[in-house]
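Note sheet for the following structure.
The values are calculated or read from the model by the stated rules, or taken from the named source; none is laboratory data. Remember, it's a predicted structure, so these values are computed and weren't measured experimentally. All Cβ positions, glycine included, derive from the backbone under ideal geometry; neighbour counts span all protein chains shown. Side chains are part of the model used for accessible areas, which takes the heavy atoms of the whole protein and leaves out ligands, DNA and RNA. Shrake-Rupley method; radii C 1.70, N 1.55, O 1.52, S 1.80 Å.
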Amino acid sequence: MDKYNVIIFDLDGTLLDTLEDITDAVNHTMQKFNYPVHSAARVRSFVGNGIKKLIERSLPQGTDTPGFDNIFNEFKQFYTANCHIKTRPYPGIMELLERLCADGYKLAINSNKNQAAVTELNNIYFSKYISVAIGGNGHMQKKPSPDSVFLAMERLGGCTRNKTLYTGDSDVDIETARNAGIKCISASWGFKDREILEKLNPGAIIDAPQELYNYL
């Protein structure tokens with residue numbers, strides 16, 4: 001651990017393949033309020049800036065849609081209750097976390113997803129390895145603000161920026177890491193194509209979880 005001793009992970013598209021459950025929740029909500037449903041590919045293009053922005057992008061009139069708050073609340077409640085039906089860790093993630101934990105790295109999750117869902121998913125999949133899981137709470141600024149990164153570092157304790165590495169799959173994650181003054185490793189298996197990530201010049205791009213060790 002000469003270079004880093006803390007790794008902060010994005011959740012959706014990095015640790016967990018959540019796309020099917022997110023798509024199902026979006027389409028449940030759209031159908032309930034008589035709006036058009038979306039393909040998984042379309043929903044994939046909507047994610048990355050939090051669930052409120054996801055619903056805004058899913059509706060023809062965005063936040064100008066009558067009853068937007070009710071629609072958003074329906075999605076939030078449905079998704080939180082059904083967030084792990086089809087969701088699974090990406091191949092190699094559990095092995096990576098086990099190895100990192102055994103080697104003494106401090107690990108955290110930092111997501112724009114609502115806190116209830118982040119807590120639920122961490123408890124189901126990662127609590128053996130990750131004790132700090134930060135989601136959106138309606139008070140703190142969402143990524144790409146660095147506030148949630150700093151909160152994760154504070155809760156982990158003994159963290160410095162030069163020893164902290166951020167791993168995510170999107171442009172939002174790259175910007176978040178830059179705003180926090182820490183290095184970002186981008187995961188190409190998530191919700192953004194490798195070609196998009198390359199144009200954003202992250203610290204590095206990895207194509208499989210075990211490749212993260214090349215940068216530690």
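Filtering region 14-49 to residues that are more than 21 Å from Ile185 (Cα to Cα) and crowded, with 21+ Cβ neighbours inside 10 Å leaves Asp21, Ile22, Thr23, Ala25, Val26, Thr29, Val43.
Are there helices (runs of 4 or more DSSP H) fully within region 117-216 with at least 3 residues that are closer than 17 Å to Tyr4 by Cβ? List them. Result: 147-156, 171-180.
Each residue in region 58-110 was checked for being among the basic types (Lys, Arg) and surrounded by fewer than 18 Cβ atoms within 10 Å (Cβ to Cβ), and 3 pass.
Scanning region 1-13 for residues that are open to solvent by 10 Å² or more (accessible area, probe 1.4 Å) and farther than 17 Å from Asn114 by Cβ yields Met1, Asp2, Lys3, Tyr4, Asn5. Screening region 118-144 for residues that are closer than 27 Å to Gly104 by Cβ and basic (Lys, Arg) and picking the one that is farthest from the chain's Cα centre (by Cα) gives Lys128. Taking the listed residues Ser145, Ser186, the one that is hydroxyl-bearing (Ser, Thr, Tyr) and either out of contact with any Ser or Thr (no Cβ under 9 Å at 6 or more places or on another chain) or closer than 23 Å to Pro89 by Cβ (or both) is Ser186, with no other qualifying.
Of the residues making up region 112-131, those that are hydrophobic (A, V, I, L, M, F, W, C) and in contact with a helix residue (DSSP H, G or I) (Cβ under 9 Å, 6 or more places away or on another chain) are Ala116, Ala117, Phe126, Ile130.
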